[in-house]
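Written below as structure tokens is the structure these notes are about.
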Amino acid sequence: MPERDLLSLWENVYLLSIWELKDEAYGVAIKKLVCQKTGHILSYGGLYFMLAQLAKKGLVVKTEGEPSPRRGGRRKFYYALTARGKKALRTSFEFQRSLWRDVKEPVFD
């Protein structure tokens, strides 16, 4: 597998979070899920930087939602995996699974 096709750990976490959230994948929800998955405190700057990088790579697409009256008319921006993003996440999953295939029970001393 060429190195350029591999996702970083953080790319995996973000793409998996967006995939899990489906139609509810907007900034605050993504941040919350990424923090739950990793145990790390994530800044909004870090969140939106990574989302912009994923969009730049063609792995996610950003769309603008309708204004919410409860939020003072502010719009949410939603993220979804592109076909390329889904393929990258699937490839990453299959690669990780193949790495562990022959390991019966990992013991780390």
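The values are calculated or read from the model by the stated rules, or taken from the named source; none is laboratory data. Please read all numbers here as calculations on a predicted model, not as lab measurements. Heads up, the Cβs are rebuilt from the backbone with ideal geometry, glycines too, and the neighbour counts pull from every protein chain shown.
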Scan region 11-21 and give yes if some residue there is within 12 Å of GLY85 (Cβ to Cβ) and acidic (Asp, Glu), otherwise no.
-> yes
Quick count over region 36-56, residues being surrounded by fewer than 14 Cβ atoms within 10 Å (Cβ to Cβ) and more than 17 Å from ALA88 (Cβ to Cβ), is 9
Checking LEU47, LEU59 in turn, the sole residue that is touching a residue at least 24 places away in the same chain (Cβ under 8 Å), under 15 Å from TRP10 (Cα atoms) and in contact with a helix residue (DSSP H, G or I) (Cβ under 6 Å, 6 or more places away or on another chain) turns out to be LEU59
Residue, surrounded by the fewest Cβ atoms within 10 Å (Cβ to Cβ), within region 57-83, restricted to residues that are of a type in the set (A, V, I, L, M) and in a strand (DSSP E or B) = VAL61
How about region 84-109: which of its residues are surrounded by 10 or more Cβ atoms within 10 Å (Cβ to Cβ) and not hydroxyl-bearing (Ser, Thr, Tyr)?
-> ARG84, GLY85, LYS86, LYS87, ALA88, LEU89, ARG90, PHE93, GLU94, PHE95, GLN96
Would you confirm whether any residue within region 21-31 is basic (Lys, Arg) and at pLDDT 95 or above?
-> yes
Residue among LEU6, LEU42 that is among the aliphatic types (A, V, I, L, M), more than 15 Å from PHE77 (Cα to Cα), in contact with a Phe, Trp or Tyr (Cβ under 9 Å, 6 or more places away or on another chain) and at pLDDT below 95 = LEU6
Restricted to region 8-35, and to residues that are within 20 Å of GLN96 (Cβ to Cβ) and without any contact (Cβ under 8 Å) to a residue 12 or more places away in the chain, which residue is surrounded by the most Cβ atoms within 10 Å (Cβ to Cβ)?
-> SER8
Among the residues of region 75-103, count how many are within 30 Å of GLU64 (Cα to Cα), free of Cβ contacts under 8 Å to residues at least 60 places away in the same chain and not aromatic (Phe, Trp, Tyr).
-> 7
Inspect all residues belonging to region 86-95 and state whether any of them is part of a loop (DSSP other than H, G, I, E, B), within 13 Å of TRP19 (Cα to Cα), in contact with a helix residue (DSSP H, G or I) (Cβ under 8 Å, 6 or more places away or on another chain) and not aromatic (Phe, Trp, Tyr).
-> no
